[in-house]
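Structure, as structure tokens:
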Amino acid sequence: MRLKIWPFAAAGTIAATALATAAVWSQVPATTQVTFAATPPTGRYTPPIFGATTHFGMGRPLGYTNGARAAAQLRSIGAGSYRDGIIWAQFSFPPNGSPVIKDPRRIVGFLPVAGARPLFSLGGPPFPLQQNGMPLNDAQLKQFAEYVEALVRMTSPYNTIFEVWNEWNLRVDWQKPATRLSGAGDPSDARAAVHYAAVAKVAVQAAKRANPSAPVVVGAVGDDPDWQWTQAIVRDGALDGADGLSVHTYNHCQGPRNRTANEMVNRLQRLQTLLRQQRGGRDTPIYVTEFGWPTVDGKCDISRERQGYNFAHYILQSATLPWLRGSWAYELKDEGQDPNDREQNFGIFGYDDQPKPAACFIKEARAIVAGARAVELQLPRPDIFVLRAVMPDRQLAVVWTNSLTPSSGVRFTARPSGVRMMCGDAAATDGTLPIGQAPLVARYPLGQPIALSITG
């Protein structure tokens, strides 16, 4: 093995970062007090939607063959929605009639048994798209609009949410481009923001013609450094008439310390800040239609336990973003059994339909935010999070860290009526408890202030 020698500039940067981090931590007191007033925060709180991706609309089964079982899995984790689709290529277009679904696949059978609200992606053309310039001509755009109208009418009994395309900024069809798009993209590239905005406008208008109350979100944005492409589609009018912006927020291939829920939430807050600057200060409803972590062996890996912790952290922390309308985990179950194939191992359940630890953590975190009347979050230290959730009959203080090497503890100075580890055992209500990635949940009566001390 050859020893890697860091260039001087890189070594200096690393040293400076280490010194800066040490300086921050040197300013953290040995004990940090956290308090929440007896009176909960005022203002309306609406829990965001939580769902998971399924693949009943795909040609390949990928393990999604039993609709009743998938519906039970969604219920078991508290998911009220699922993301799937009936693509354009599944329809035929008679010259003198309305579009007809010619290839219903398994999704048509899943719709009536799912017991959850669908979010359907609009796209999947029946022909390859050119990679240069606007990939759809006028006749193709007209057929796309007809497909959208037909699908909206077909699924109206299910209160379906619609999303225009999927990760257009990465590829416009199944063909993977040789290079990544830079920023908004040049109009000579089919992936350019200006072309997506044009297609999004057609889809939104078609969906609203079919059902004016149908929710339609645009974007479905794949990896987009500092949201440059996303800002460009908004400038080009993609949000005109739409009900929100959808994005994907993966981070599993970042450095191990950044594969966290907090990194995702910070990125979403950055996006909202940029959109406020662009849209006169008003908030934009945001939908995270893909996020998750693969439990794979090898590059971009994460353990099954940490996947579960991350899902819990994300559900708890993101519930405090008032403009976040919903999040859909990718995905409900593993697509295969190869432990080295990243794409096969994103599931909350395994390919054998057995739950991973994530299933319990999602269920318990979701029960807290879905049942709460109000939530508020404090970060007493850079890697320590304390959520207060006011429930109808009690209030909860939830404490966790996203540190890979946790060293802090918590003492509940206002004695709770009970403490337990999420998806674990009861803990002592007195003394100092270690703070780990598995959240601690302390229970208090309503109308009582909450106080705790962070130590270490």
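So that you can scan it fast, the table gives a plain yes or no per residue for (1) surrounded by fewer than 18 Cβ atoms within 10 Å (Cβ to Cβ); (2) not in a loop (DSSP other than H, G, I, E, B):
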site: Asp223; (1), (2): yes, no
site: Val247; (1), (2): no, yes
site: Thr295; (1), (2): no, no
site: Tyr309; (1), (2): no, yes
site: His313; (1), (2): no, yes
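Tally up the residues in the range 206-232 that are under 30 Å from Gln254 (Cα atoms) and touching a strand residue (DSSP E or B) at 6+ places or on another chain (Cβ under 6 Å), please. Walk me through it before giving the result.
Within the range 206-232, the first condition is being under 30 Å from Gln254 (Cα atoms), and the residues that meet it are 217-232.
The next check asks that each one be touching a strand residue (DSSP E or B) at 6+ places or on another chain (Cβ under 6 Å); those that pass are 217-222, 230.
Adding up the residues that qualify gives 7.
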- [ ] Would you mind telling me which numbered condition in (1) touching a strand residue (DSSP E or B) at 6+ places or on another chain (Cβ under 9 Å); (2) not in a loop (DSSP other than H, G, I, E, B) Ala145 fails?
- [x] (1)
TODO: Just name the residue that is surrounded by the fewest Cβ atoms within 10 Å (Cβ to Cβ) out of those in the range 90-146 that are touching a residue at least 12 places away in the same chain (Cβ under 8 Å) and among the acidic types (Asp, Glu).
DONE: Asp103
Open item on the list: Just to be sure I understand the filter: pairs with C-beta atoms under 8 Å, separated by 6 or more residues or on different chains, first member in the range 209-229 and at positive phi, second member hydroxyl-bearing (Ser, Thr, Tyr). Which pairs pass?
Closed with: Gly219/Thr230; Gly219/Ser246; Ala220/Ser121; Ala220/Ser246; Ala220/Thr289
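At pLDDT below 95 and under 24 Å from Arg171 (Cα atoms), is that true of Pro128? Talk me through it step by step, then tell me what you get.
Working: at pLDDT below 95: yes; under 24 Å from Arg171 (Cα atoms): yes.
So Pro128 fits the description; yes.
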Task: Filtered residue count, the range 391-413, keeping only those that are farther than 16 Å from Ala451 by Cβ and in a strand (DSSP E or B) - done: 2
- [ ] Tell me, please, whether a residue that is out of contact with any strand residue (DSSP E or B) (no Cβ under 7 Å at 6 or more places or on another chain), at pLDDT 95 or above, assigned to a loop (DSSP other than H, G, I, E, B) and under 19 Å from Lys363 (Cβ atoms) can be found in the range 62-74.
- [x] no
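Listed residues Gly43, Gly59, Gly78; which is under 30 Å from Pro445 (Cβ atoms) and modelled with pLDDT under 95?
On the way: Gly59 fails: under 30 Å from Pro445 (Cβ atoms); Gly78 fails: modelled with pLDDT under 95.
Going through Gly43, Gly59, Gly78 in turn, just one is under 30 Å from Pro445 (Cβ atoms) and modelled with pLDDT under 95: Gly43.
Look at the range 322-345 and say how many of its residues are in a loop (DSSP other than H, G, I, E, B) and either buried (at least 20 other Cβ atoms within 10 Å of the Cβ) or under 13 Å from the mean Cα position of the chain (by Cα) (or both). Before you say what the answer is, go through the steps one by one.
In the first step, residues of the range 322-345 are kept if they are in a loop (DSSP other than H, G, I, E, B); the result is 322-323, 330-332, 334-341, 345.
Restricting the remaining residues to those that are either buried (at least 20 other Cβ atoms within 10 Å of the Cβ) or under 13 Å from the mean Cα position of the chain (by Cα) (or both) gives 330-332, 334-335, 345.
Counting residues in the range 322-345 that are in a loop (DSSP other than H, G, I, E, B) and either buried (at least 20 other Cβ atoms within 10 Å of the Cβ) or under 13 Å from the mean Cα position of the chain (by Cα) (or both) gives 6.
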- [ ] Among what's in the range 24-40 and is under 27 Å from Arg373 (Cβ atoms) and either within 30 Å of the chain's Cα centre (by Cα) or part of a loop (DSSP other than H, G, I, E, B) (or both), pick the residue that is modelled with the lowest pLDDT.
- [x] Pro40
TODO: Give the range 147-171 a look and list any residue that's surrounded by fewer than 20 Cβ atoms within 10 Å (Cβ to Cβ), farther than 17 Å from Arg83 by Cβ and touching a Leu at 6+ places or on another chain (Cβ under 7 Å), or say none.
DONE: none
TODO: Return yes when Leu181 is in contact (Cβ under 8 Å) with a residue 12 or more places away in the chain, surrounded by 21 or more Cβ atoms within 10 Å (Cβ to Cβ) and either farther than 19 Å from Arg83 by Cβ or not assigned by TED's automatic domain parsing to the domain that holds Asp240 (or both) and no when it is not.
DONE: yes
TODO: Exactly one condition in (1) part of a loop (DSSP other than H, G, I, E, B); (2) within 26 Å of Trp165 (Cα to Cα); (3) not hydroxyl-bearing (Ser, Thr, Tyr) is not met by Gly78; state its number.
DONE: (2)
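Go through the range 261-293 and report how many residues are of a type in the set (Ser, Thr, Tyr) and either touching a helix residue (DSSP H, G or I) at 6+ places or on another chain (Cβ under 9 Å) or surrounded by fewer than 17 Cβ atoms within 10 Å (Cβ to Cβ) (or both). Explain how you work it out, then say what you get.
First pass over the range 261-293, keeping only residues of a type in the set (Ser, Thr, Tyr): 273, 284, 287, 289.
With the extra rule that they be either touching a helix residue (DSSP H, G or I) at 6+ places or on another chain (Cβ under 9 Å) or surrounded by fewer than 17 Cβ atoms within 10 Å (Cβ to Cβ) (or both), the set shrinks to 273, 284.
So the answer is 2.
Is there a residue in the range 435-447 that is over 22 Å from Lys363 (Cα atoms) and either surrounded by 14 or more Cβ atoms within 10 Å (Cβ to Cβ) or among the β-branched types (Val, Ile, Thr) (or both)?
Filtering the range 435-447 for residues over 22 Å from Lys363 (Cα atoms) gives 445-447.
Checking the rest, the ones that are also either surrounded by 14 or more Cβ atoms within 10 Å (Cβ to Cβ) or among the β-branched types (Val, Ile, Thr) (or both) come to none.
Within the range 435-447 (the criterion being over 22 Å from Lys363 (Cα atoms) and either surrounded by 14 or more Cβ atoms within 10 Å (Cβ to Cβ) or among the β-branched types (Val, Ile, Thr) (or both)), the answer is no, since none of the residues qualifies.
The values are calculated or read from the model by the stated rules, or taken from the named source; none is laboratory data. Computed from a prediction, not measured in an experiment: that's the story for all the values here. No Cβ is skipped: glycine too gets one built from the backbone with ideal geometry, and neighbour counts run over all protein chains shown.
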